[in-house]
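Heads up, the thing below is written out as structure tokens.
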Amino acid sequence: MARYIALFLGLSTCLALIYLVHSLRFHLLFLSAHQIDFIRHLVPQFSGLHSRTFRSNTALIKSYEGSRKSFKKHIVAVGDLHGDLANARRVLQFSGVVDDEFNWSRNVDYFVQTGDIIDRGDDTIALFLWMERLRAQAIGNSSTMLSNLGNHEWMNMIGDWRYVYPTEIKTFGSIEARQRMLSSGRIGRAWAQNYTTTTRLPLHPSIGPPNTQYPPKDFQFAKESGDELEHHLSLYRNHKVEPMSHAAISFVHGGLAEDYENLTPFPTKINKLSKSLMRKLQYRKKQPTPHPPGTYPGWPESATMEEINMYYTNGPLWYRGWAQLDEATACKKVDNVLARTGTRRMIMGHTPDFHNIVARCKGKIIIIDTGISHAYGGVLSALSIDYELHPVGEDSEQRWVEREIVKAVYAERKEVLVADEREIIGDFQVS
């Protein structure tokens, strides 16, 4: 009898669990993406719920028999490194950018670093020389490395050395040698030639190479046609008109403020101001005594207000609004910036979260500074972006399935932040 009772109780428990699982699956259909992500984090076995469309389109992709070719791109981005070569090597290694000997791995199409390599650590020279070696190796492997200047690179150009360690100065030999290296020397030349303040990275070649500007140079908007922002918003929201107009990502150190006056054309305007101001700082007749111990150097007399405003709190180097605004306000404002810059998400460093990469507003805002340097002791992290464009249906229909999967990559785990998919129509064949 006891055996039958135990069997009955066991079957009852199993049936109850099955009911709960199916009930939960039903209710999950009505949850928001953030709620699903939360439950998926707690209960990993339900991750398949978020990928029903992926599964159905996978069958569509596999059944394609035409002559068009799929396109894939793998991007890795890393935030603030602040003078820590050892941790930088660890991050680039576990994210697949470099191999076991810290050379370019050939596993990445684009590697983006969002600035603040300098300050708070002693490895300035080693880090910048390594970055330039990787850049050359990337070119040799038909890949691309994109580098942004952070507010700390700019502070050092100005002569604001408040976060420079005395031990780091010794690695240069002297204050004067450090000034030469950062102005006309090897690091300064690398900044001038290979670094920008902002980056627009198209996800597909049909849009153009990195830093292709938006709106395009031939764009003309007639005021009688209505509001220009609404025009860009309509392209951003309605992919049936120009499916690839906003298939790009912005990278910047601080952030792109909605009311920053030189936001567009993006990134051309900001980078033009950046290049001009950098030259004025690097080629002053005499580099000022750094602060401290000297007084704050200020700006060259020839610097314009547009150039100076680029560096202030609302500019792309210092702006923290996307990290600090409440969720509702940030999500209300972000579409205007994405629409105007021809992008679908913005990625930035500068404002650290020492525990994880932060994704806001369904991944439209991603903040990748996690305090990698030992000066902060934060978690080591990188951002991975996989973009795919697959032909489906008949070739005459020109149908494609576009996928973008964004992951936070940590030393021991990966976390999906965004998994977007859509069907678009157009001639996007890559020769």
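The single condition among (1) over 20 Å from the mean Cα position of the chain (by Cα); (2) within 21 Å of P352 (Cβ to Cβ); (3) not hydrophobic (A, V, I, L, M, F, W, C) that R90 does not satisfy is (1).
Go through the range 183-199 and count every residue that is touching a strand residue (DSSP E or B) at 6+ places or on another chain (Cβ under 7 Å) and buried (at least 17 other Cβ atoms within 10 Å of the Cβ).
Matching residues across the range 183-199 total 5.
Restricting to the range 259-283, name every residue that is exposed (fewer than 15 other Cβ atoms within 10 Å of the Cβ) and either part of a loop (DSSP other than H, G, I, E, B) or aromatic (F, W, Y) (or both). D259, E261, Y283, listed by residue number.
Do we have any residue at all in the range 200-217 that's closer than 26 Å to N309 by Cα and surrounded by fewer than 14 Cβ atoms within 10 Å (Cβ to Cβ)? Working first, answer last.
Taking the range 200-217 and keeping what is closer than 26 Å to N309 by Cα, we get 200-201, 210-217.
If we keep only those that are surrounded by fewer than 14 Cβ atoms within 10 Å (Cβ to Cβ) too, we end up with 216-217.
Taking every residue of the range 200-217 in turn, at least one turns out to be closer than 26 Å to N309 by Cα and surrounded by fewer than 14 Cβ atoms within 10 Å (Cβ to Cβ).
Between T313, T268, T264, which is out of contact with any Lys or Arg (no Cβ under 6 Å at 6 or more places or on another chain) and more than 17 Å from N148 (Cα to Cα)? Residue meeting the stated conditions: T313.
From V358, V337, which residue is touching a residue at least 60 places away in the same chain (Cβ under 8 Å), among the β-branched types (V, I, T) and over 30 Å from T167 (Cα atoms)?
Working: V358 fails: touching a residue at least 60 places away in the same chain (Cβ under 8 Å).
On inspection, the qualifying residue turns out to be V337.
Every condition in (1) on the phi > 0 side of the Ramachandran plot; (2) modelled with pLDDT of 95 or more is met by G226 except one, and the failing one is (2).
Among the residues making up the range 314-365, those that are farther than 20 Å from L203 by Cβ and assigned to a helix (DSSP H, G or I) are G321, W322, A323, Q324, E327, A328, T329, A330, C331, K332, K333, N336.
Tell me, please, whether a residue that is at positive phi and in contact (Cβ under 8 Å) with a residue 60 or more places away in the chain can be found in the range 318-334. Among the residues of the range 318-334, not one is at positive phi and in contact (Cβ under 8 Å) with a residue 60 or more places away in the chain, which makes the answer no. Of all residue pairs spaced 6 or more apart or on separate chains, those with beta-carbon atoms under 9 Å, a first member in the range 121-134 that is farther than 19 Å from G79 by Cβ and a second member that is buried (at least 21 other Cβ atoms within 10 Å of the Cβ) and not aliphatic (A, V, I, L, M) are D122/G83; D122/D84; R133/W104.
Do we have I385 as in contact with a helix residue (DSSP H, G or I) (Cβ under 6 Å, 6 or more places away or on another chain) and either of a type outside the set (S, T, Y) or closer than 29 Å to D326 by Cα (or both) here? Considered against the rule, which asks whether it is in contact with a helix residue (DSSP H, G or I) (Cβ under 6 Å, 6 or more places away or on another chain) and either of a type outside the set (S, T, Y) or closer than 29 Å to D326 by Cα (or both), I385 comes out as no. Scanning the range 85-127 for residues that are of a type in the set (S, T, Y) and either touching a strand residue (DSSP E or B) at 6+ places or on another chain (Cβ under 8 Å) or in a loop (DSSP other than H, G, I, E, B) (or both) turns up S95, S105, Y110, T114. The residue of the range 140-182 that is surrounded by the fewest Cβ atoms within 10 Å (Cβ to Cβ), among those that are in a loop (DSSP other than H, G, I, E, B) and without any contact (Cβ under 8 Å) to a residue 12 or more places away in the chain, is S142.
How many of the residues making up the range 126-159 are touching a Pro at 6+ places or on another chain (Cβ under 7 Å) and closer than 22 Å to T289 by Cα? Show your work before the answer.
Filtering the range 126-159 for residues touching a Pro at 6+ places or on another chain (Cβ under 7 Å) gives 144, 146, 158-159.
Applying the additional criterion that residues be closer than 22 Å to T289 by Cα yields 158-159.
Count: 2.
Condition check for D395 on (1) closer than 29 Å to R120 by Cα; (2) surrounded by fewer than 18 Cβ atoms within 10 Å (Cβ to Cβ); (3) touching a Gly at 6+ places or on another chain (Cβ under 6 Å): one failure, at (1). Looking only at residues of the range 371-417 that are part of a strand (DSSP E or B) and of a type in the set (F, W, Y), we find that the one that is farthest from Q93 (Cα to Cα) is W400.
The values are calculated or read from the model by the stated rules, or taken from the named source; none is laboratory data. Quick caveat, the model's predicted, so the values are computed rather than measured. Cβ atoms come from the backbone with ideal geometry, glycine included; neighbour counts cover every protein chain shown.
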